[in-house]
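Report on one structure; see the data block that follows.
The values are calculated or read from the model by the stated rules, or taken from the named source; none is laboratory data. Computed from a predicted structure; not experimentally measured. As a convention, Cβ positions derive from the backbone with ideal geometry for all residues, glycine included, and neighbour counts pool all protein chains shown. Heads up: the accessible areas ignore ligands, DNA and RNA and are worked out on the full protein's heavy atoms, side chains in. Shrake-Rupley method; radii C 1.70, N 1.55, O 1.52, S 1.80 Å.
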Amino acid sequence: MPLDVTSRLQEAEGNAPVSTRVQKASVPLYANRIKVYPKAVTGKFRTIKWVILTVCLSVYYLVPWLRWDRGPGQPDQAVLIDMPGRRAYFFAIEIWPHEIYFLAGLLILGAVSLFLVTSLLGRVWCGYACPQTVWTDLFMLVERWIEGDRNARMKLDQQPLSWSKAAKKVAKHAAWLVIAAGTGGAWVFYFTDAPTAFANIFTGQASVTVYFFVGLFTTTTYLLAGWAREQVCTYMCPWPRFQAAMLDEHSLVVTYEKWRGEPRGKHKAGTSWDGRGDCIDCRQCVAVCPTGIDIRDGQQLECIGCGLCIDACNAVMEKIGRPQDLIRFDTLLNQQARARGEPARYKLLRPRTILYALLLATIVTVMLVAFLLRPTVEVSVLRDRAPLFVTLSDGAIRNGYTLKILNKTNADRTYTLSLTGVPSAKVNVIRAGDESADEPVVLSAKADSVATYRIYVTAPAHAIEAESTPLVFTLRDRDGKGSAEYHSVFLGPER
Amino acid sequence: MPTKVEKDQITGTRTTGHEWDGIKELDTPLPKWWLYVFYATIVWSLGVFILYPSLPTLSTYFPGITGYWSRAELAENLKAQQEIRAPFVKRIQAASLEEIRADPELFDFAVAGGRVIFAENCAACHGAGGAGAKGFPNLADDDWLWGGDLEAIRHTIAHGVRNANAESRNSAMPRFGADGILTPAQIADVAEYVLSLSGTAGDREAAERGAALFSENCASCHGEAGEGNVELGAPRLSDKIWLYGGDKASIVQTITYSRNGTMPAWSERLDEATIKMLTIYVHALGGGK
């Protein structure tokens with residue numbers, strides 16, 4: 001899909017030929033946007049698009065309101081990213097900050113899924129599920145309700161300012177802003193308790209952070225879906241630029257059957273179709289295109305693969321009694337085959353799709369295994385650095401450690417601590433009222449929290465043979481529900 | 001140099017009018033958006049001038065309409081923090097050291113607060129974490145000059161060592177060499193004996209000679225077996241811990257000139273609750289008795 005620079009320059013100069021250097025220099029660096037007025041259309045792909053739009057928006061707006069009982073003292077929101085509490089909740093799953101690699105895994109999963117889907121079905125993400133597409137579609141719907149369809153909107157924009165024009169414009173932007181604010185508001189609900197935040201936002205009691213992010217996402221939604229629209233896809237988004245690497249001649253793309261459409265031209269009812277193409281040049285495919293391109297020019301960077309032109313063309317084909325699917329989702333190879341009169345063949349298994357599928361399966365497996373094997377208790381040990389070690393009056397050496405127990409279960413737990421590596425080492429836990437060195441050392445951690453203990457390990461002088469001796473802390477759940485280990489060292493004087 | 005303003009033929013932009021060896025420079029205007037942002041910052045700065053302290057006068061300054069002062073903000077923050085801590089501090093004040101030691105909440109508060117207070121006031125001599133240094137006792141070990149139970153530690157912190165405070169820990173070791181009480185040879189013998197108390201093998205004959213001298217001159221404070229005396233701050237000589245060094249030269253130096261380290265009385269600078277928190281912290285460093 002090469003971008004034809006010369007033709008664009010010509011376009012910018014009103015199709016005048018580029019003849020001299022001086023003329024070239026006066027071409028602006030950035031072409032002005034030609035405003036797109038997409039026409040309403042009905043059909044198979046428009047229906048699919050409406051369904052996906054409804055599902056996506058419903059999921060986005062409703063999910064924060066789902067409740068999930070996690071017991072007392074725990075948030076009851078099904079999906080919640082609790083930044084101050086440093087937890088992420090997803091139904092029964094609870095993610096701690098150090099498990100953020102699951103997020104990285106999800107992002108990689110999303111990327112590879114996108115690669116696979118794109119190599120099979122083309123730009124269906126762009127055309128149907130991308131938030132930019134979904135919200136732009138919603139904004140266009142509102143625009144159509146208020147200002148009318150394509151022709152009415154074009155006429156309105158050319159009219160001088162009047163009370164009715166101003167009223168329509170104000171109504172449109174107000175409606176857009178309301179939707180945008182709803183979008184920004186719903187975003188915030190994923191990071192804080194939704195019902196509380198909802199009430200707080202309207203009573204002015206929410207935090208500055210909440211208002212900031214509501215404002216930020218209101219602004220971006222309003223600007224991107226209301227004003228920028230197809231420019232986001234054409235100029236801002238990196239994905240259209242590099243997805244060409246996933247597409248090949250076997251991928252589904254929106255195609256125009258040039259071999260049967262050309263030569264195009266107006267057609268009078270009742271006259272013969274011999275010696276001419278099926279395309280009657282009604283330009284309906286151009287009128288409905290949300291990015292304002294002509295699909296008959298072939299593959300283009302701007303095409304988001306939404307298939308609305310297919311719906312528009314099929315409606316016309318039905319009226320004039322010609323075969324359907326002059327514009328259709330097809331592969332480039334199939335188009336060549338059809339042109340030769342050969343049957344179309346779809347090849348799903350290709351090296352690239354197999355590779356993407358394998359990659360996807362591997363990542364899913366790795367993530368699933370990592371998730372299922374994720375420990376319910378973890379321990380981390382921080383050795384004191386000041387003092388490095390203490391010599392006691394009988395020559396024994398003592399090291400201090402800070403022990404952190406991460407109890408990821410929903411119940412209070414007790415553990416026994418044992419040490420290996422330093423012979424006859426004694427453990428003292430520094431805590432209120434208790435300094436006994438009894439065996440075994442029992443430590444507890446409250447449900448879903450981190451317990452911190454100061455621990456002193458003392459070893460007789462004769463037991464220490466090196467400046468640094470490996471020391472392993474082992475924590476065992478007393479009910480046999482998991483254990484954790486930490487490898488540290490025990491330091492002594494120079495030998 | 002000619003300064004005739006002219007238009008560049010190719011771009012249509014004005015030139016600066018200067019020419020260097022046939023090369024002219026375009027006088028391209030600044031981008032509009034940049035210029036407007038720049039003007040906006042000027043307007044913004046006027047607002048800042050009016051709202052915040054800005055212009056100096058001869059003796060003071062114009063404080064701005066808001067009268068903002070970062071120190072006042074800090075003071076407010078400190079006050080807010082103190083209000084949060086107040087209930088705990090009150091409880092610490094009312095409780096005995098043993099009660100604080102036994103109450104998990106107060107104990108954690110005292111240790112956390114004590115750590116900060118220690119770093120601010122004590123670590124300069126005693127080292128981070130009470131690691132100590134030559135002449136400054138290690139507070140994390142189990143050897144105490146003036147006693148290592150809660151009350152003894154509190155007393156030492158509150159009243160200090162060998163200072164003008166009425167309840168200061170006080171004692172003085174004589175300068176056995178400098179004041180001519182013992183001869184250098186006798187001091188060497190005593191030093192050998194002191195070394196033998198902690199099991200360090202040396203000159204056995206000299207140590208035997210030193211034993212009698214030790215019993216005569218040192219045992220009244222340090223004990224017959226060198227077990228020390230916390231009443232007098234006399235260090236235990238029979239252990240592995242040496243405040244001023246455990247080699248023979250250091251011991252000879254100590255006997256000849258004596259040491260007599262000092263410490264300020266912290267009750268003159270810190271309040272009671274703070275000293276209690278420090279006590280709990282030092283006691284929990286590992287050596288508390």
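Output the number of the condition that B:I241 fails; it satisfies all remaining conditions of (1) open to solvent by 40 Å² or more (accessible area, probe 1.4 Å); (2) part of a loop (DSSP other than H, G, I, E, B); (3) touching a residue at least 12 places away in the same chain (Cβ under 8 Å).
So the condition that B:I241 fails would be (1).
Is it the case that A:Y60 is in a helix (DSSP H, G or I) and aromatic (F, W, Y)? Full working, then the answer.
Details: in a helix (DSSP H, G or I): yes; aromatic (F, W, Y): yes.
Here the answer is yes, as A:Y60 does meet what is asked.
Just one of the numbered conditions (1) in contact (Cβ under 8 Å) with a residue 40 or more places away in the chain; (2) open to solvent by 80 Å² or more (accessible area, probe 1.4 Å); (3) not aromatic (F, W, Y) is not true of B:V89; which one?
(2)
When the residues of region A:345-385 are narrowed to those that are more than 30 Å from A:L107 (Cβ to Cβ) and surrounded by 13 or more Cβ atoms within 10 Å (Cβ to Cβ), which ends up farthest from the other protein chains (Cβ to nearest Cβ)?
Among those residues, the one meeting the criterion is A:V381.
What is the residue count in region B:92-111 for residues that are open to solvent by less than 50 Å² (accessible area, probe 1.4 Å), out of contact with any Ser or Thr (no Cβ under 9 Å at 6 or more places or on another chain) and within 22 Å of B:G129 (Cα to Cα)?
Residues flagged as open to solvent by less than 50 Å² (accessible area, probe 1.4 Å), out of contact with any Ser or Thr (no Cβ under 9 Å at 6 or more places or on another chain) and within 22 Å of B:G129 (Cα to Cα) within region B:92-111 amount to 5.
So, in region B:255-273, exactly how many residues are polar (S, T, N, Q) and open to solvent by less than 30 Å² (accessible area, probe 1.4 Å)?
Looking only at that region, the number is 2.
What helices (runs of 4 or more DSSP H), lying completely within region A:188-302, carry at least 3 residues that are hydroxyl-bearing (S, T, Y) and open to solvent by 30 Å² or more (accessible area, probe 1.4 Å)?
Working: elements: A:194-203, A:208-221, A:239-242, A:258-261, A:284-288.
Output list reads A:208-221.
Can you name the residue in region B:89-122 that is more than 14 Å from every other protein chain (Cβ to nearest Cβ) and not basic (K, R) and is also farthest from B:W266 (Cα to Cα) among such residues?
Restricting to residues being more than 14 Å from every other protein chain (Cβ to nearest Cβ) and not basic (K, R), the top hit is B:A94.
Output the number of residues of region A:391-401 satisfying the condition of being open to solvent by 30 Å² or more (accessible area, probe 1.4 Å) and in a strand (DSSP E or B).
1
Results for (1) under 23 Å from A:L372 (Cβ atoms); (2) open to solvent by less than 50 Å² (accessible area, probe 1.4 Å); (3) not aromatic (F, W, Y), shown as yes or no for each residue.
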position	(1), (2), (3)
A:V63	no, yes, yes
A:G71	yes, yes, yes
A:P75	no, yes, yes
A:A92	yes, no, yes
A:H98	yes, no, yes
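Could you tell me which residue of region B:123-147 is farthest from the other protein chains (Cβ to nearest Cβ), considering only residues that are crowded, with 21+ Cβ neighbours inside 10 Å and assigned to a helix (DSSP H, G or I)?
Once the filter is applied, the top-ranked residue is B:H126.
Against the conditions (1) part of a loop (DSSP other than H, G, I, E, B); (2) more than 30 Å from B:M263 (Cβ to Cβ), where does B:T200 fall short? Just the number, please.
For B:T200, the exception is condition (2).
Name, by its number, the condition in (1) under 18 Å from A:F473 (Cα atoms); (2) within 14 Å of another protein chain (Cβ to nearest Cβ); (3) basic (K, R) that does not hold for A:K446.
It is condition (1) that A:K446 fails.
For region A:456-480, name all the residues that are open to solvent by less than 60 Å² (accessible area, probe 1.4 Å) and under 30 Å from A:G71 (Cβ atoms).
Within region A:456-480, A:F473, A:T474, A:L475, A:D477 meet the criteria.
Taking region B:185-201, which residues are more than 19 Å from B:Y244 (Cα to Cα) and under 39 Å from the mean Cα position of the chain (by Cα)? Don't jump to the end; show me each part of the working.
Taking region B:185-201 as the starting set, the residues that turn out to be more than 19 Å from B:Y244 (Cα to Cα) are B:185-186, B:201.
B:A201 - this is the single residue of region B:185-201 that is more than 19 Å from B:Y244 (Cα to Cα) and under 39 Å from the mean Cα position of the chain (by Cα).
Under the condition of being open to solvent by less than 40 Å² (accessible area, probe 1.4 Å) and β-branched (V, I, T), which residue from region A:168-187 is modelled with the highest pLDDT?
It comes out as A:I179.
Is it true that A:R123 is among the basic types (K, R) and without any contact (Cβ under 8 Å) to a residue 60 or more places away in the chain?
no
Looking at region A:412-424 only, could you name the residues that are open to solvent by 40 Å² or more (accessible area, probe 1.4 Å) and in a loop (DSSP other than H, G, I, E, B)?
Residues satisfying the conditions are A:D412, A:G421, A:P423, A:S424.
Within region B:148-177, track down each residue that is open to solvent by 30 Å² or more (accessible area, probe 1.4 Å) and assigned to a helix (DSSP H, G or I).
B:E151, B:R154, B:H155
Report yes if some residue within region B:212-221 is more than 14 Å from chain A (Cβ to nearest Cβ), modelled with pLDDT under 95 and in a loop (DSSP other than H, G, I, E, B); otherwise report no.
Yes, region B:212-221 contains a residue that is more than 14 Å from chain A (Cβ to nearest Cβ), modelled with pLDDT under 95 and in a loop (DSSP other than H, G, I, E, B).
State whether one or more residues within region A:386-402 are away from chain B (no Cβ under 14 Å) and touching a residue at least 12 places away in the same chain (Cβ under 8 Å). Full working, then the answer.
First pass over region A:386-402, keeping only residues away from chain B (no Cβ under 14 Å): none.
No, every residue in region A:386-402 fails to be away from chain B (no Cβ under 14 Å) and touching a residue at least 12 places away in the same chain (Cβ under 8 Å).
Would you check if B:I187 is more than 11 Å from chain A (Cβ to nearest Cβ), β-branched (V, I, T) and assigned to a loop (DSSP other than H, G, I, E, B)?
Details: more than 11 Å from chain A (Cβ to nearest Cβ): yes; β-branched (V, I, T): yes; assigned to a loop (DSSP other than H, G, I, E, B): no.
For B:I187, the condition - more than 11 Å from chain A (Cβ to nearest Cβ), β-branched (V, I, T) and assigned to a loop (DSSP other than H, G, I, E, B) - is not met.
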